[in-house]
Amino acid sequence: MWCATLTELDKTRRKYVNDLCSRFAEDYLRQLANFNAKEKCGKKIRLGDVVVIHDDNTKRLMWKVGVVKELIPSKEGLIRSVILKTPHGNLINRAIQSFHPLELREDQDEDLETAGQEL
């Protein structure tokens, strides 16, 4: 009967976690940028969208996450930038080219009330 030590189990666990993180960065985040590029013309940014904020100075896996809090239209009426709320509560202004929408939305009170009325 084979008996693993705690250090061997920890090494194995770390290997699996590192593999998962690298696969996430390679597969999901890279495909997310390609998906958003293809859908750019039809995809609309909405309030409450969860986004990954692009940062050239950090690795893709370490990019910050934010939630769209305000849409800022240009003089032509097109949305060119937004106000994002970071997990630390900071509000930042970013151009729409500098973030990638995730397939998530922040729960909003209006959505919850509507769902409750349908029941």
Glu70: of a type in the set (Asp, Glu) and under 21 Å from Tyr28 (Cα atoms), yes or no? no
Taking segment 60-93 as the search range and keeping residues that are assigned to a loop (DSSP other than H, G, I, E, B) and more than 14 Å from the chain's Cα centre (by Cα), which one is nearest to Ser22 (Cα to Cα)? His88
Name the single residue that is farthest from Ile53 (Cα to Cα) among those in segment 79-116 being among the charged types (D, E, K, R) and at pLDDT 85 or above. Arg80
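The values are calculated or read from the model by the stated rules, or taken from the named source; none is laboratory data. Predicted, not measured: the structure shown is a model, and the values here were computed from it.
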